[in-house]
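The values are calculated or read from the model by the stated rules, or taken from the named source; none is laboratory data. Model, not experiment: these values are computed from the prediction. Note that we place each Cβ from the backbone using ideal geometry, even for glycine, and neighbour counts take in every protein chain shown. When the accessible area is computed, the model is the full protein with side chains, heavy atoms only, and any ligands, DNA or RNA have been set aside. Shrake-Rupley method; radii C 1.70, N 1.55, O 1.52, S 1.80 Å.
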Amino acid sequence: MAQSFPYTYYRCPCVDTSTPTSAVAPPNLPSDPSSAPVEQDEEEGHTFDPLSPRANFSLFPLEHLLYCTECHEIRCPRCTMEEIISYYCPNCLFEAGSSSVKEHGNRCIRNCFNCPTCTAPLSVNAMEMERSNGSDTGSSASEQSHQYFLSCPYCNWSSLEIDMDFKSPQNIYHQFTKFYRSQPDLESKPSQVSPTEAMETPTQATTPVQQPPTPTAHPTDQEHYARLTAFLRTQISDTDTNSYNDINFSSPSSITRLMHLYNPSSKKAALQKPALMREAQKQNEGLVVQDLERDQKRIQEIRFRGWDGTISLSQRSQQQHPRNIHFDTDLRPVPTLLICKRSKRCRTCRSVLFRPESKPTSTRFKIKLLALEKIPRLSLRALNAATVPAALITSVPSSSPLITAAQGFDYNALKPLKPTLFLLTLSNPLEDPVKVTLATPGVSKTAAGVESKVTILCPQFEVGANTDVWDEALNPSTRDKEREREAKRRSALLTLSSGSAESMAEAQAGVRQAEAGKIWSSGRNWTSVIVEVVPNPTIDPSAKSRSSKGRGNEDDDVLEIPVFVRMEYEADAHGDGDARLDDSTSSARRRGEKEKLEEAFWCVFGVGRVVGL
């Protein structure tokens with residue numbers, strides 16, 4: 001797929017323990033036992049492989065991650081659980097209760113409807129009608145009465161096309177429900193059994209349910225549901241000789257009964273095998289018989305109406321009862337679906353990570369623990385393009401070597417045996433300085449088997465705290481160093497932009513060179529180090545054969561570098577409620593001292609594409 005370089009993904013440490021290891025293992029595993037998949041407890045001591053099939057399910061951008069302050073771990077959408085806070089209509093912003101949602105099928109019960117043709121919101125319009133006045137007064141021979149209908153302002157569809165009007169502009173949903181139930185299902189008559197009569201309690205289900213004396217040939221959805229429900233409940237009451245269907249599973253005594261029933265050590269006689277439940281065999285039991293004559297009529301009507309007279313699959317799926325809807329004249333206004341607000345919890349400790357306010361009109365959050373506020377942001381870019389200021393690019397000619405260095409770097413064309421320097425920048429979001437240690441495998445591979453040597457020139461460094469911006473500006477030592485460094489860099493780049501041989505030689509002597517063990521630049525809460533990448537023209541035979549057997553695609557030449565980040569810092573010991581802390585840490589909290597904390601995670605950098613092989 002098309003991917004913009006460079007990019008950074010963070011790895012979530014969650015593992016799907018319910019999936020066996022053999023089910024997710026790649027087809028070509030080495031015979032070496034040391035390279036076999038390991039469990040979660042032993043996974044920390046092994047290098048993360050971005051080419052693993054499971055890596056696609058554990059890498060996320062930093063903006064998509066949360067952070068658990070109890071577990072001190074990154075949390076992705078896979079290792080969090082969602083809870084519904086409230087339901088509300090997106091049109092009228094009316095908040096609905098959970099009982100109303102279950103009763104009305106997650107629909108708005110006010111005046112919110114969508115067009116069945118284009119899904120646009122429908123508006124309620126008034127239609128004036130004249131009727132004669134029975135009084136003998138000569139003031140007026142007739143008076144105005146209003147009828148209301150739904151119309152779409154986008155496609156001009158209206159409910160008058162299906163002979164649907166309303167007497168009042170309020171409670172449109174209840175009027176619509178009465179109108180829908182009073183309409184026959186094509187050639188059928190309305191049902192004589194309501195769904196509420198079939199929704200009896202389990203104790204009432206043992207009594208025989210009265211069936212309609214004259215069943216219709218084509219029952220509606222409500223009638224079919226009522227008949228089938230009554231038939232199944234009758235079958236359950238007849239075949240269940242142990243009468244365990246009335247067990248309350250929240251009661252301890254009921255659970256004891258179930259455990260006693262399935263206890264293999266029980267010495268009682270085996271229970272009798274219950275009789276099998278039979279299928280529905282009559283129409284009053286819920287059986288739907290195929291009517292060939294009716295199908296032939298529909299086929300002829302489809303030929304007569306043509307393509308424009310039939311409805312699409314999306315229009316049919318949006319209807320509340322789509323079983324017998326085939327033509328545009330069968331479409332009904334669609335009540336607006338409700339949406340909900342959700343909170344997220346950690347699956348491990350059940351603590352709340354994300355919780356918005358329940359009001360539909362509020363955009364605030366009660367709890368929002370983002371990984372952006374706890375985990376440092378890492379970015380990678382080419383050194384040549386990163387060190388050229390934008391002001392110098394606009395002030396020099398387009399043929400200058402400065403423009404070539406700033407804009408001529410192509411991430412999609414990393415050449416073998418050519419060292420490329422990248423600038424890795426780490427930004428600290430915490431209010432405490434941190435000590436960072438970076439580690440990466442000496443060799444990184446692409447999916448096609450191209451090996452590249454990766455070297456971090458300064459793997460250990462410190463990053464300042466995320467304090468106020470004015471603290472850095474008012475610090476004289478930091479200000480003088482930054483001014484001196486910026487003056488040297490600008491003078492060297494301006495000399496380089498002239499293009500002469502002598503000036504370029506002087507500039508190269510004055511331009512700063514990357515040194516091992518030293519950072520490249522730093523600021524208030526960020527530090528940049530140099531990463532050297534050298535693609536190797538040799539190809540790993542095992543990776544090449546694996547790629548040619550079916551895993552080969554357009555991204556086989558993408559070079560991704562896994563980097564292990566470990567950060568240490570001291571924070572105030574005033575507590576986040578972690579139960580795992582020992583007595584010494586708790587006493588340090590009481591004394592107001594600082595405690596040492598540590599975070600470690602894996603991230604993957606997408607450097608570019610290796611070409612020229």
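Assorted remarks:
- The condition of being open to solvent by less than 40 Å² (accessible area, probe 1.4 Å), among the aliphatic types (A, V, I, L, M) and at pLDDT below 65 holds for only one of A465, A405, A391, that being A405.
- Complete set of residues in segment 423-451 that are of a type in the set (S, T, N, Q) and at pLDDT 90 or above: T425, S427, N428, T437, T440
Residue-wise test of (1) of a type outside the set (F, W, Y); (2) within 27 Å of R350 (Cβ to Cβ); (3) at pLDDT 55 or above; (4) in a loop (DSSP other than H, G, I, E, B).
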| residue | (1), (2), (3), (4) |
| --- | --- |
| S528 | yes, no, yes, no |
| V531 | yes, no, yes, no |
| T538 | yes, no, yes, no |
| G550 | yes, no, no, no |
| I561 | yes, no, yes, no |
| E568 | yes, no, yes, no |
| G575 | yes, yes, no, yes |
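- Close contacts from segment 218-245, counting a first residue that is within 9 Å of G286 (Cβ to Cβ) and at pLDDT 75 or above and a second that is of a type in the set (V, I, T) and in a loop (DSSP other than H, G, I, E, B), with Cβ to Cβ under 6 Å and a gap of 6+ residues or different chains, come to A226/V193; A230/V209.
- Residue check, C14 at pLDDT below 85 and within 17 Å of the chain's Cα centre (by Cα): yes
- Yes/no for E357 being under 30 Å from A439 (Cβ atoms) and at pLDDT 90 or above: no
- Among (1) assigned to a helix (DSSP H, G or I); (2) surrounded by 17 or more Cβ atoms within 10 Å (Cβ to Cβ), the one test that K341 misses: (1)
- Being charged (D, E, K, R) and either in contact with a Ser or Thr (Cβ under 9 Å, 6 or more places away or on another chain) or at pLDDT below 85 (or both) is a description that does not apply to E63.
- Scanning segment 151-170 for residues that are among the polar types (S, T, N, Q), within 13 Å of F113 (Cβ to Cβ) and either at pLDDT below 90 or in contact with a Leu (Cβ under 6 Å, 6 or more places away or on another chain) (or both) returns a single hit, S159.
- Condition met for K415 (closer than 26 Å to A516 by Cβ and either open to solvent by 60 Å² or more (accessible area, probe 1.4 Å) or modelled with pLDDT of 85 or more (or both)): yes
- Given (1) of a type outside the set (F, W, Y); (2) more than 27 Å from P429 (Cβ to Cβ); (3) modelled with pLDDT of 90 or more, index of the condition L369 fails: (2)
- Residue within segment 315-335 that is at pLDDT 90 or above, assigned to a loop (DSSP other than H, G, I, E, B), open to solvent by less than 70 Å² (accessible area, probe 1.4 Å) and touching a strand residue (DSSP E or B) at 6+ places or on another chain (Cβ under 6 Å) present: yes
- Residue list for segment 318-359, restricted to those being touching a Phe, Trp or Tyr at 6+ places or on another chain (Cβ under 6 Å) and of a type in the set (A, V, I, L, M): L338
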